[in-house]
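Step one of this worksheet: look at the structure below.
The values are calculated or read from the model by the stated rules, or taken from the named source; none is laboratory data. Model, not experiment: these values are computed from the prediction. With ideal geometry, Cβ positions are generated from the backbone for all residues, glycine too; neighbour counts draw on all protein chains shown. Heads up: the accessible areas ignore ligands, DNA and RNA and are worked out on the full protein's heavy atoms, side chains in. Shrake-Rupley method; radii C 1.70, N 1.55, O 1.52, S 1.80 Å.
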Amino acid sequence: MSALWSAAPCVLALAAACGTVGCTKPQGDMPAPAMSASVAAPTAPMPTMAASASATPAASNMRPYTDPPADRVGVLAPGTGIPVGQKVPDLHARDLDGNDVSLSSLYTKGPILLAFYRGGWCPFCSTENHSLATAYPEYQKRGVTPVTVSVDKPDAEAKTKATYAIPFPVLSDSSAAMIEAFHVVNHVDDATLAKMKGFGVDLESYSGKAHHEIAIPSLFLIDRTGVVRWAHSDPDYKVRPSTAQILAAIDAAKLAAK
């Protein structure tokens, strides 16, 4: 599914839960507090980004993540993901209006960067979504469209998109069919689920389902034939490739030449 703004520290009474699951307390049924201003994609070319992705978060619902070392970029964690060179199944999810969307309907229009994220309640995912939105002109230059996916149901996804002015498709995989097919499932155990609920994050409310599954943060560069050209996953949700690392991988894939 890749993200850039200094988050306020968790209240001490909630620190243990936040450290375990990396969540942020929603306001009412909102996945995260709204930004003070809408974040639009820049019109000028984005400068090369170094080191931490993700720069400095500018809202309390974001937290900066750590970039993986160079030798770990483009590496799938054992047992996860669809490897480079394999074709992805033609899966289906829902858009923000609840309409059915097939994966093939997206990649046949041009290469996509499929980014799986845990949910709108996750501050590291909020950072990643913002990073992808900020760098959108750079992806457009390369003919690549980011597409983000979580198990959040469409109304929760819509709030995430509105909060961060996301200019690309945001898909709801509330049944977890897509994350299962891509082998990037994190089965949330009962103890972690209880901690999350104590922190105000109810996964069943976000997904509308009782499967207690969320995505392992992961990225798949898929060409217009549906073949994976680059892939990355890491069960550590605090470690994600930077914009610079992702763009370098896209450039190396030379999609336009294929």
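Taking a threshold of 22 Å on the Cα-Cα distance, which of the pairs 87/238; 209/238; 87/209; 109/141 fall above it?
87/238; 209/238; 87/209
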So what are the radius of gyration and Dmax for the Cα set of region 87-133, in Å?
12.5, 32
Based on the Cβ-Cβ distance from residue 105 to residue 77, what FRET efficiency comes out when R0 is 30 Å, to the nearest 0.05?
0.55
Rounded to the nearest percent, how much of the accessible area of region 93-192 (1.4 Å probe, protein heavy atoms only) is carbon and sulfur?
49
Give, in nm to one decimal, the length gained when the segment between residue 66 and residue 238 is fully stretched (0.36 nm per residue of separation minus the Cα-Cα distance).
61.3 nm
Simple spin-label estimate for residue 190/residue 224, 7 Å along Cα→Cβ, in nm, reads 5.2
